[in-house]
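The values are calculated or read from the model by the stated rules, or taken from the named source; none is laboratory data. Because the structure is a prediction, the values reported are computed rather than measured. All Cβ positions, even for glycine, are placed from backbone atoms using ideal geometry, and neighbour counts span all protein chains on display. With ligands, DNA and RNA removed, areas are computed over all heavy atoms of the protein, side chains included. Shrake-Rupley method; radii C 1.70, N 1.55, O 1.52, S 1.80 Å.
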Amino acid sequence: MKKQHVSDLFPEYLEEALSEKEVVAVEKHLANCTDCQKELEEFKVLFEAIANEPVQVPSDKLRLNFEEVLELEKASIPKVISLTKEHKKSSWASNMLKVAASVALLVGSFQMGSIFQQKKSNNDLVIVRNESLQLKQTAMLSLMENQSASKRIQGVNYIEEFPNPDEAIVKALTTRLLYDENDNVRLNAFEALSSFTSTETVKTAFIDALGTEKNPSIQIAIIQALVQIQEKKAIGPMQKLLEKEDTQPFIKNEIKLGLPKII
């Protein structure tokens, strides 16, 4: 079963609306697909946010207001009219204008009510989305502190959900890059941060990592990233790496190729 077919079944799966055969197929696929597992967790977060959102019931105020106007209009019409024929015609025309005005008022009120209701619905949707992002951020930060390296990597990879991460997320990622004991966690943290090299926090973290990182693959990746953005503050740390005897020859070669592009 293809991943996209499994994803299409997630809403029904969470609502327990699938057949036993479909449930077995979905769970069998989930057991071997980390991408689908992650997507299912995101669905669960969204479902929880929507479930906690109170149902908005339209108010009867608009109908009641119209009925009040109509009753007042009825009350204003005399029950016995003893006038000339010409006056009756004029009164009838006047009453018709009043009825027309009432209908126009109802239509206008309905349209305004629809506009306000649409705006409220849009605001409610924004609130749900913000709550969902807040839940995801909490989950992300929590996972990055987990004792399991695979869980920390999962937390780092949640960055895909945040095109504009706040300072708390960026700092958590730089902590993983600089201090995590697992090479794969640090590499994933670097890849996550590489999309935000315009920020001073990320630039500083990359420069600091030059002096602490021992994994050659990560060292090369950091050097290339700093060269690409032409970060002049990285010149000193790179030159120190060139002077160190224990720096790998291919690392020194990468620095020698990159320094002229910065200077």
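Within the range 155-174, name every residue whose backbone N is under 15 Å away from a label modeled 7 Å from Cα of residue 208 along the Cβ vector. Those under the cut-off are 167-174. For the range 161-244, the equivalent ellipsoid derived from the alpha-carbon gyration tensor has semi-axes of 20, 15, 10 Å in decreasing order. Stokes-Einstein diffusion for the range 200-263 at 20 °C, viscosity 1.002 mPa s, with a Kirkwood radius from C-alpha pairs, works out to 188 µm²/s. Under the combined filter of DSSP loop state and at most 13 neighbouring Cβ atoms within 10 Å, the range 176-206 retains these GluC sites (Glu not before Pro): 181. Measuring nothing but protein heavy atoms, the accessible surface of the range 142-263 at 1.4 Å probe radius is 47 percent carbon and sulfur. Computed from backbone phi with θ = phi - 60° and the Karplus coefficients 6.51, -1.76 and 1.60, the 3J(HN,Hα) list for the range 222-237 is 5, 4, 5, 5, 5, 5, 4, 8, 6, 7, 5, 5, 8, 4, x, x Hz; x is used for glycine and proline.
Which trypsin sites (Lys or Arg not before Pro) from the range 202-237 combine a DSSP loop assignment with at most 14 other Cβ atoms within 10 Å? Sparse-neighbourhood loop trypsin sites (Lys or Arg not before Pro): 214.
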